[in-house]
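Colleague: Here it is, the structure, as structure tokens.
The values are calculated or read from the model by the stated rules, or taken from the named source; none is laboratory data. Keep in mind it's a predicted model, so treat the numbers as computed, not measured. We place every Cβ from the backbone using ideal geometry, glycine too, and count neighbours over all the protein chains shown.
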Amino acid sequence: MSLPNTHRALVVIEQGKTAVREKNLPALDPQGVLIKVKAVALNPTDWKHVDFQLEPGASVGSDFAGDIVQIGAEAEGKGFSVGDAVAGYIRGGALDRDNGTFQEYVTTLPELVWHKPASLPYEDAAAMGGIALSTAVQALYHRLNLPKPWAPATTPTPLLVWAGSTAVGIFAIKLAKLSGFHIATTASPRNHQLLKDAGAEVVLDYKDPEAPKKIREWAEQYGGLKHALDTISEHGSTKLAANAFGPEGGKIITLLNVDKNKEQPWPSNVEPERTLIYSALDKKNADDFAGIHEWNEHITAFIEEGKLSSMPLKHWEGGLEGLTEALDYQRQGKVSAQKIVVKL
């Protein structure tokens, strides 16, 4: 098919501000694929990049779903064809200032996308292909090294997902259920049923001062808590999660840097470790790259078999022009237990 030289894209016009502009298509690497974007999903990292990291003129956006329109010469034979519907994520504007997802075309590597089932709407695929679910995959399987959904746990394994109503938290609970874990989580009471439906065995109010103690006692029946994911990772949340661990201690995966020396008293045998899903975009990080590629080879079947579904979505109107307002809505902290998606 004939491709245009330019397309419409949401770009940074000054720190903290975006607008739709005409710009060149992102350059297609010989190892990559070019995708016509059909839908995108929003993450907190998108507005943070706009406000603190991207230079004027840079493209924006991480999560996408769309159709492959061009395949690089070295990407042939990797399981994809022109016309295939796919989903995935990138780091919009940071690695290539012309490559973002909040625009008409995006480029990435074939290892970093997966086949969208025909029955799955593009908006749901954008949410499931994006940073939130991929972060949960990396945290559970590549940082905590827990059993994967295609080879689930054979012994009782308790897992704590602190702040389960975030996008990462919801997907982590769904994945953990597939892996056969027993899951405890915390959230506002209005989101408790949502998280139980996702697979949580125990859901506690995150404001309950007894929550760590209650989780620790609950986990004793399964040998004590040794694994946790803190999807907030600030304002003392990681210390609360650490206090739920059993006497053997273990590891907490965080999404931000947490200095345990500033969170005293801290349990001596509990170690925090940050995960950052962008590491999987670089082939030089061989284990992370291979890990997300492996997941991308399995996710389609889980969706088709009805074993994995999306999370609650907030459908934002306005296409590309509506994204500036959507970013501001997310920036103001108005999103709870939902993922904003936009059809382009």
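Colleague: Restricting to region 247-291, and then to whatever is acidic (Asp, Glu) and free of Cβ contacts under 8 Å to residues at least 12 places away in the same chain, can you tell me which residue is nearest to Leu229 (Cα to Cα)?
Modeller: Among those residues, the one meeting the criterion is Asp259.
Colleague: Here is a list of conditions, (1) surrounded by 14 or more Cβ atoms within 10 Å (Cβ to Cβ); (2) at pLDDT 95 or above, and Glu263 meets all of them except one; can you say which number that is?
Modeller: (2)
Colleague: Which strands (runs of 3 or more DSSP E) sit wholly inside region 150-254 and have at least 2 residues that are within 20 Å of the chain's Cα centre (by Cα)?
Modeller: Once the strands (runs of 3 or more DSSP E) in region 150-254 are filtered for at least 2 residues that are within 20 Å of the chain's Cα centre (by Cα), what remains is 158-162, 182-187, 227-230, 250-254.
Colleague: Identify the single condition in (1) of a type in the set (Asp, Glu); (2) assigned to a loop (DSSP other than H, G, I, E, B); (3) surrounded by 17 or more Cβ atoms within 10 Å (Cβ to Cβ) that Asp46 does not satisfy, given that it satisfies every other one.
Modeller: All conditions are met except number (2).
Colleague: Can you tell me which residue is farthest from Ile215 (Cα to Cα) among those in region 230-269 that are polar (S, T, N, Q) and touching a strand residue (DSSP E or B) at 6+ places or on another chain (Cβ under 9 Å)?
Modeller: Asn257
Colleague: Collect the residues in region 51-74 that are out of contact with any strand residue (DSSP E or B) (no Cβ under 6 Å at 6 or more places or on another chain) and surrounded by 17 or more Cβ atoms within 10 Å (Cβ to Cβ), keeping them in residue-number order.
Modeller: Scanning region 51-74 gives a single hit, Gly72.
Condition check ((1) closer than 30 Å to Gly223 by Cα; (2) polar (S, T, N, Q)) across all residues:
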| residue | (1), (2) |
| --- | --- |
| Thr101 | no, yes |
| Leu120 | no, no |
| Ala139 | yes, no |
| Arg143 | yes, no |
| Ala151 | yes, no |
| Pro158 | yes, no |
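Colleague: Let me ask you something else. Look through region 146-190, keep the residues that are among the polar types (S, T, N, Q) and out of contact with any strand residue (DSSP E or B) (no Cβ under 8 Å at 6 or more places or on another chain), and return whichever of them is nearest to Thr238 (Cα to Cα).
Modeller: Only one residue fits best here, namely Thr166.
Colleague: Every residue in region 299-344 that is over 16 Å from the mean Cα position of the chain (by Cα) and assigned to a loop (DSSP other than H, G, I, E, B), please.
Modeller: Glu305, Gly306, Lys307, Glu317, Gly318, Gln332, Gly333, Lys334, Leu344
Colleague: What residue, of Ser119, Ser134, is assigned to a loop (DSSP other than H, G, I, E, B) and of a type in the set (S, T, N, Q)?
Modeller: The match here is Ser119.
Colleague: When you scan region 191-200, do you find a residue that is at pLDDT 95 or above and on the phi > 0 side of the Ramachandran plot, even just one?
Modeller: For region 191-200, residues at pLDDT 95 or above and on the phi > 0 side of the Ramachandran plot: present.
Colleague: Would you pick out the residues in region 256-296 that are under 14 Å from the mean Cα position of the chain (by Cα) and of a type in the set (Val, Ile, Thr)?
Modeller: Correct list: Thr275, Ile277, Ile292.
Colleague: Can you tell me how many residues within region 150-190 are surrounded by fewer than 24 Cβ atoms within 10 Å (Cβ to Cβ) and farther than 18 Å from Ile131 by Cβ?
Modeller: 16
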